[in-house]
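The values are calculated or read from the model by the stated rules, or taken from the named source; none is laboratory data. Predicted model, so just to flag it, every value in this text is computed and none were measured. Neighbour counts run over all protein chains shown; Cβ positions are idealised from the backbone, glycine included.
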Amino acid sequence: MRIFSGNANRPLAQSIAQALDTRLGEMVCGRFPDGEVKVQIQEDVRGADVYVVQSTHSNDFLMELLTVADALRRASARRITAVVPYFGYARQDRKHEGRVPITAKLVANLMTTAGIERVVTVDLHAMQIQGFFDIPVDHLRAMPVQLDYLQTLDLHDPVVLSPDTGSIKIADGLARRMGAGLAIIDKRRTGDSQTEVANVIGEIGGRDVVIIDDMITTAGSMTNAVTTAVSRGAHRVVPVTTHAVLCGDAFDRLVGADIHELVCTDTIPLKRRFAELPITVLSMAGLLGEAIKRIHHNQSVSALFV
C-alpha cells in the first residue's frame, strides 16, 4: 500500500497515513514556470496498490489529481484509487436548463481516462453521481464523526433542522440516530448565492437545534437557517456541515449571523481568515483510513456506509 498526496489537503493526507501506520509517498507536485502542473513520482510503485488523497475544490487541484494518476499509471502501479474527500463540480449533475454542461459526468470521465480505477469520496452533493462512474465508488458519510461530536454537547430536547428540502434525507438520518425531532425549511432560491425562507415545517421553539447540510459555500442557506431558528425561539443553534467550502460572502454572513459554534470536517482545509470564527473542525482521517485499509485487504466497506 502506498499513500500519495497532491497539494489540496496534505495535513489530512498525513493524518490518514499516520492512522494507517505508514508514510506519504515521495513525489514532486509543483508547477512549471508557466503554471502547468509538474509531477514526478520519486519512488518505485511498480505493482503497488496506490491511494491518492486529493480534494478537488479548485481547478488546479483537479488537474493535479489527473496528472498524478497519469504518472502512477505510466509507472506501472497495479491499482490507483483516488481518495477525494470533497468532489468538486458535484452541483452540476444534470441539465436544469438548456445549453448547460453536466460537469460532474465530465470529471468522472476525466478521472477514469487518467487511470483511476476506484474512487473513495465523502458526502457527494448529489448521490446519483456514483452512477456517472464505470468504476467502483465508495461513498462514505461524515455522519458517524459528526454524531460522535454532537453527543458530547449535552443537547436539550434537540431537533435537527434541514435548511432546505434537498437536505431532508441527511437531516432525517441524523435525527433518527440522535433520537431527535425533525424540522424542515422550505427555501426559495433567488439567485446563485441568494435564498429566502418561505415556510418552516416542524417545532423549534425552546429546543436545541442542529442544522445539517453537506456543504457551506457562500453561507446564504446556513445563515438564513440560523436566523430562522433563532426567530422561532431556538434555545441553542449548532450548524453542522461536512464540506467547508466557504467562499464569496461566507465570512461576512457568518460574522453577521453571530454563530456560537460552526462544526465542519477537514475534507477541505479551513481558510486562514475563518480561524477567527468559532469553528470546530472534525477529522475524517480515521474513517478514510479505515476505508483504505478495507479496500487494500479486499474487505467489505459497506459497514462504513450509514
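Flag not set for Asp148, criterion: among the acidic types (Asp, Glu), at pLDDT 95 or above and surrounded by 16 or more Cβ atoms within 10 Å (Cβ to Cβ). Inside segment 35-52, can you point out the residues that are more than 25 Å from the chain's Cα centre (by Cα) and either modelled with pLDDT under 95 or under 21 Å from Asp266 (Cα atoms) (or both)? Scanning segment 35-52 gives no hits. Residues of segment 90-100 that are out of contact with any His (no Cβ under 9 Å at 6 or more places or on another chain) and within 29 Å of Ser5 (Cβ to Cβ): Gln92 alone. Restrict the check to segment 41-55 and report whether at least one residue is touching a residue at least 12 places away in the same chain (Cβ under 8 Å) and either of a type in the set (Phe, Trp, Tyr) or in the same structural domain as Leu246 (by TED's automatic domain parsing) (or both). Scanning segment 41-55 turns up at least one residue that is touching a residue at least 12 places away in the same chain (Cβ under 8 Å) and either of a type in the set (Phe, Trp, Tyr) or in the same structural domain as Leu246 (by TED's automatic domain parsing) (or both).
Given the condition free of Cβ contacts under 8 Å to residues at least 24 places away in the same chain, part of a helix (DSSP H, G or I) and surrounded by fewer than 19 Cβ atoms within 10 Å (Cβ to Cβ), answer yes or no: does some residue in segment 173-180 qualify? Yes, segment 173-180 has at least one match. Is one or more of the residues making up segment 217-225 in a loop (DSSP other than H, G, I, E, B), more than 30 Å from Met111 (Cα to Cα) and modelled with pLDDT under 95? Checked segment 217-225: no residue is in a loop (DSSP other than H, G, I, E, B), more than 30 Å from Met111 (Cα to Cα) and modelled with pLDDT under 95.
One residue alone among His260, His297, His243, His235 is in the same structural domain as Phe61 (by TED's automatic domain parsing) and not basic (Lys, Arg), and that residue is His297. Taking residues in segment 198-221 that are assigned by TED's automatic domain parsing to the domain that holds Phe274 and under 15 Å from Ala257 (Cα atoms), and partners anywhere that are part of a loop (DSSP other than H, G, I, E, B) and acidic (Asp, Glu), the pairs with Cβ atoms closer than 8 Å and at least 6 places apart or on different chains are Thr218/Asp249; Ala219/Asp249; Gly220/Asp249; Ser221/Asp164.
Does Pro11 meet the test of being at pLDDT 95 or above, surrounded by fewer than 23 Cβ atoms within 10 Å (Cβ to Cβ) and assigned to a helix (DSSP H, G or I)?
On the way: at pLDDT 95 or above: yes; surrounded by fewer than 23 Cβ atoms within 10 Å (Cβ to Cβ): yes; assigned to a helix (DSSP H, G or I): yes.
Spelling it out, Pro11 is indeed at pLDDT 95 or above, surrounded by fewer than 23 Cβ atoms within 10 Å (Cβ to Cβ) and assigned to a helix (DSSP H, G or I).
No other residue among Gly202, Gly181, Gly191, Gly131 is out of contact with any Leu (no Cβ under 8 Å at 6 or more places or on another chain) and at pLDDT below 95 apart from Gly191.
The residues listed here are Val100, Val120, Val107; of these, the one that is touching a Phe, Trp or Tyr at 6+ places or on another chain (Cβ under 7 Å), of a type in the set (A, V, I, L, M) and either in the same structural domain as Ala291 (by TED's automatic domain parsing) or free of Cβ contacts under 8 Å to residues at least 24 places away in the same chain (or both) is Val107.
Among the residues of segment 261-276, those that are of a type in the set (Asp, Glu) and either within 13 Å of the chain's Cα centre (by Cα) or over 16 Å from Pro239 (Cβ atoms) (or both) comprise Asp266, Glu276.
Note on segment 277-286: among residues that are surrounded by fewer than 21 Cβ atoms within 10 Å (Cβ to Cβ) and under 17 Å from Gln146 (Cβ atoms), the one that is farthest from the chain's Cα centre (by Cα) is Pro278. Restricting Phe32, Phe4 to those that are modelled with pLDDT of 95 or more, surrounded by 12 or more Cβ atoms within 10 Å (Cβ to Cβ) and among the aromatic types (Phe, Trp, Tyr) reduces the list to Phe4.
Can Ala250 be described as at pLDDT below 95, farther than 14 Å from Ser162 by Cβ and not assigned by TED's automatic domain parsing to the domain that holds Asn7?
Here the answer is no, as Ala250 does not meet what is asked.
None of Ile268, Ile292 is buried (at least 19 other Cβ atoms within 10 Å of the Cβ), in contact with a Leu (Cβ under 9 Å, 6 or more places away or on another chain) and either assigned to a helix (DSSP H, G or I) or without any contact (Cβ under 8 Å) to a residue 60 or more places away in the chain (or both) except Ile292.
Among the candidates Asp60, Asp21, Asp34, Asp44, which residue alone is of a type in the set (Asp, Glu) and closer than 27 Å to Ala104 by Cβ? I'd like the intermediate steps shown before the answer.
On the way: Asp21 fails: closer than 27 Å to Ala104 by Cβ; Asp34 fails: closer than 27 Å to Ala104 by Cβ; Asp44 fails: closer than 27 Å to Ala104 by Cβ.
Answer to the check: Asp60.
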